[in-house]
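Undergrad: Structure below; questions to follow.
The values are calculated or read from the model by the stated rules, or taken from the named source; none is laboratory data. Being a predicted model, the structure only gives us computed values, none of them experimental. Here the Cβ positions follow ideal geometry from the backbone for every residue, glycine too, while neighbour counts run over all protein chains shown.
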2 protein chains.
Amino acid sequence: MSANQSPAGKQPTATYDSAFLRACRREPVPHTPVWFMRQAGRSLPEYLKAREGIPMLESCMRPELVAEITLQPVRRHGVDAAVYFSDIVVPLKAIGIDLDIKPGVGPVIAEPIRTRADLARLRQLTPEDVAYVTEAFGLLTRELGATPLIGFAGAPFTLASYLVEGGPSRNHEHTKALMYGDPQLWADLLDRLADITAAFLRVQIEAGASAVQLFDSWVGALSPADYRRSVLPASRKVFEAVSEYGVPRVHFGVGTGELLGLLGEAGADVVGVDWRVPLDEAARRVGPGKALQGNLDPAVLFAGREAVETKTREILDAAAGLEGHVFNLGHGVLPTTDPDALTRLTEYVHTQTAR
Amino acid sequence: MSANQSPAGKQPTATYDSAFLRACRREPVPHTPVWFMRQAGRSLPEYLKAREGIPMLESCMRPELVAEITLQPVRRHGVDAAVYFSDIVVPLKAIGIDLDIKPGVGPVIAEPIRTRADLARLRQLTPEDVAYVTEAFGLLTRELGATPLIGFAGAPFTLASYLVEGGPSRNHEHTKALMYGDPQLWADLLDRLADITAAFLRVQIEAGASAVQLFDSWVGALSPADYRRSVLPASRKVFEAVSEYGVPRVHFGVGTGELLGLLGEAGADVVGVDWRVPLDEAARRVGPGKALQGNLDPAVLFAGREAVETKTREILDAAAGLEGHVFNLGHGVLPTTDPDALTRLTEYVHTQTAR
């Protein structure tokens, strides 16, 4: 049981009672909570300054730096949650996979994983492998007070895509060749990645995460039938492995309009929606008993204040009938976004939804 | 009235009576017709040889080369239609826009179009601007015999994205900033691009195209409400401008699951579907009176013969109740595809659907 939960028969903590966690639990909120995917990152000058001269992967392994970068957008924008600053490949690095994050490219894996023999390189992750995460979360929960901290991990399909392709891929040829061509090896690979991901999230929750987001960046490349057959069992295993903690589990992938119901079925409490599907339509696809997160197109932030407010108003209207709504972008903050536009957007959602 | 059409009261030509054009018109077919987006291109060794030392844009302007490259996949695979080898930016180059197609990057526009003054650079296209197209189509229709030739153009939204961004873009920030921030300038830009696109397609039909495909590569980046408001009027203008010829009009964009009904509404006779939406579900979204085209994931071709046949069988089953079905991939042929896999796939669809 994590510290920020409501222990049976005791007073709920201020964190437990925060707007973000209340919305995730589909309880009444004082205002619609706001956070932004990639809120900690390149749109902030203080981030660029803090990262100066430090490679991405190294910056993810320095607890003080992780804490500082995670806190920056909370201080600046007044968002309702912090999200752990990390990268999808951090747990793979932690178990000894030879990889690097190359600027302008993304993660590059020295030796891709494509055969049964390669599976042996994917050993289980232990808390000792990511001691820097526990340390960073300790610093963060002390600093954050009542503001919840969202844990973060990449989902098995997306991790598999990086491992099989050897890096970012537009078309996922090798990944799909394995998935369609050797279903048993594929299932074993995803199962192993599910165990690693679950262990990584458990470390984060034990260290104070109040919620977790499982990010399946590339899964929108699959049809519903393939998702159900080849991905859902592994994602479900991750969600089930952390269910005992009772913290809200958020699930998101871009371009997943066809998969929204299945993302919920996999075990998410909150389903993230990109900007292509209006939230009321998304609610029909996801069904009852889930909160939704989203879904302003991050590119709208380049169109001026009036356009941002018009599109945001449309989203709040579409969200009016939802059981629970966490305001977010429909994908990560784009690097060249004006940070003031994000601060104004946070204020706008708060004032428009104040009850 | 184009030469391959059925003039009232006269015998239809063999082209008019081809499986491809019959399927587009939702008439009974001897077998499900097959063609592949990007069938003419980098997957073929004979293409690489023909293009050797010739820059992409130049190769689009040499009639004999265009004809040869367009014919190569018809000879090799026995597909049911040829598709005019070109690039989306060819009509822009033809009206004097300073641009180049850079290997590994894509089209790069020297001076992006972002202001009202910039619109003046987009003059109307005349047949003389693209005399090489007329010449290439003349060569092609003589060689192709009864095999139909599909004309090709990029749709106004996608052309606008290249012009406004200055090149390929992942997030279309500048395009959307203009679309949301200055709706009148945006509408005027798309209207002008619709006129240019329509003129380009009219040249192709006059020169012997039996059908046209309007390719809106990037439009899947929009929500349905934004598509309806900001894109549909221009795409409709293109389709209406060629309606008098009576040739089937195909419309496709990748990642357009949410937009399928609207792509039909814009005026398509045949709606292309990517692999994310099963064809029976696509038919529900598009509604009656339209044929569908698609939708094998091009990455499946990397998974071996058995997987290709299994997935193809699923598609043919989902297509069983359609009014008209043209078999295609759900996106363009990937450059590293084994060409023999495409030949086998063509044969497989033909034998499986022979009536």
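Undergrad: If the requirement is being surrounded by fewer than 18 Cβ atoms within 10 Å (Cβ to Cβ) and without any contact (Cβ under 8 Å) to a residue 60 or more places away in the chain, which of these qualifies: A:110, A:146?
TA: A:110
Undergrad: May I pose another question? Report yes if some residue within the stretch A:211-224 is modelled with pLDDT of 95 or more, surrounded by fewer than 22 Cβ atoms within 10 Å (Cβ to Cβ), part of a helix (DSSP H, G or I) and more than 13 Å from chain B (Cβ to nearest Cβ); otherwise report no.
TA: Within the stretch A:211-224, none of the residues are modelled with pLDDT of 95 or more, surrounded by fewer than 22 Cβ atoms within 10 Å (Cβ to Cβ), part of a helix (DSSP H, G or I) and more than 13 Å from chain B (Cβ to nearest Cβ).
Undergrad: Which numbered condition trips up residue B:237, out of (1) under 23 Å from residue B:274 (Cα atoms); (2) out of contact with any Lys or Arg (no Cβ under 9 Å at 6 or more places or on another chain)?
TA: (1)
Undergrad: Please count how many residues of the stretch B:237-261 are closer than 23 Å to residue B:221 by Cα, more than 15 Å from the chain's Cα centre (by Cα) and away from chain A (no Cβ under 12 Å).
TA: Count: 2.
Undergrad: Suppose we keep only residues that are within 9 Å of chain B (Cβ to nearest Cβ) and among the hydroxyl-bearing types (Ser, Thr, Tyr) within the stretch A:165-183. Which one would you say is farthest from residue A:110 (Cα to Cα)?
TA: Among residues in the stretch A:165-183 that are within 9 Å of chain B (Cβ to nearest Cβ) and among the hydroxyl-bearing types (Ser, Thr, Tyr), the one farthest from residue A:110 (Cα to Cα) is A:180.
Undergrad: Could you please let me know if residue B:223 is in contact (Cβ under 8 Å) with a residue 24 or more places away in the chain and more than 21 Å from the chain's Cα centre (by Cα)?
TA: Against the criterion (in contact (Cβ under 8 Å) with a residue 24 or more places away in the chain and more than 21 Å from the chain's Cα centre (by Cα)), residue B:223 qualifies.
Undergrad: Still on this structure, please answer the following. Suppose we filter the stretch B:55-101 for residues that are part of a helix (DSSP H, G or I), more than 19 Å from residue B:216 (Cα to Cα) and of a type outside the set (Gly, Ala, Ser); how many remain?
TA: Matching residues across the stretch B:55-101 total 17.
Yes/no per residue for (1) away from chain B (no Cβ under 11 Å); (2) in a strand (DSSP E or B); (3) surrounded by 24 or more Cβ atoms within 10 Å (Cβ to Cβ):
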{"residue": "A:227", "(1), (2), (3)": "no, no, yes"}
{"residue": "A:234", "(1), (2), (3)": "yes, no, yes"}
{"residue": "A:263", "(1), (2), (3)": "yes, no, yes"}
{"residue": "A:283", "(1), (2), (3)": "yes, no, no"}
{"residue": "A:295", "(1), (2), (3)": "no, yes, yes"}
{"residue": "A:307", "(1), (2), (3)": "no, no, no"}
{"residue": "A:310", "(1), (2), (3)": "no, no, no"}
{"residue": "A:313", "(1), (2), (3)": "yes, no, no"}
{"residue": "A:320", "(1), (2), (3)": "yes, no, no"}
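Undergrad: Here's a check for you: in the stretch A:322-353, which residue that is part of a loop (DSSP other than H, G, I, E, B) and of a type in the set (A, V, I, L, M) is nearest to the other protein chains (Cβ to nearest Cβ)?
TA: Filtering the stretch A:322-353 for residues that are part of a loop (DSSP other than H, G, I, E, B) and of a type in the set (A, V, I, L, M), the one nearest to the other protein chains (Cβ to nearest Cβ) comes out as A:334.
Undergrad: From (1) on the phi < 0 side of the Ramachandran plot; (2) surrounded by fewer than 19 Cβ atoms within 10 Å (Cβ to Cβ); (3) not hydroxyl-bearing (Ser, Thr, Tyr), pick out the condition that doesn't hold for residue B:91.
TA: Every condition holds for residue B:91 apart from (2).
Undergrad: Something else: In the stretch B:179-189, what residues are surrounded by fewer than 24 Cβ atoms within 10 Å (Cβ to Cβ) and not hydroxyl-bearing (Ser, Thr, Tyr)?
TA: B:181, B:182, B:183, B:184, B:185, B:186, B:187, B:188
Undergrad: Return yes or no: is residue B:277 within 18 Å of residue A:225 (Cα to Cα) and not in a strand (DSSP E or B)?
TA: Criteria met by residue B:277.
Undergrad: Could you tell me which of the residues B:157, B:85, B:152 is more than 30 Å from residue B:348 (Cβ to Cβ), under 17 Å from the mean Cα position of the chain (by Cα) and aromatic (Phe, Trp, Tyr)?
TA: Answer to the check: B:157.
Undergrad: Also, I was wondering about something else. Taking residue B:272 as meeting all but one of (1) closer than 22 Å to residue B:248 by Cα; (2) within 14 Å of chain A (Cβ to nearest Cβ), write down the number of the exception.
TA: For residue B:272, the failing item is (2).
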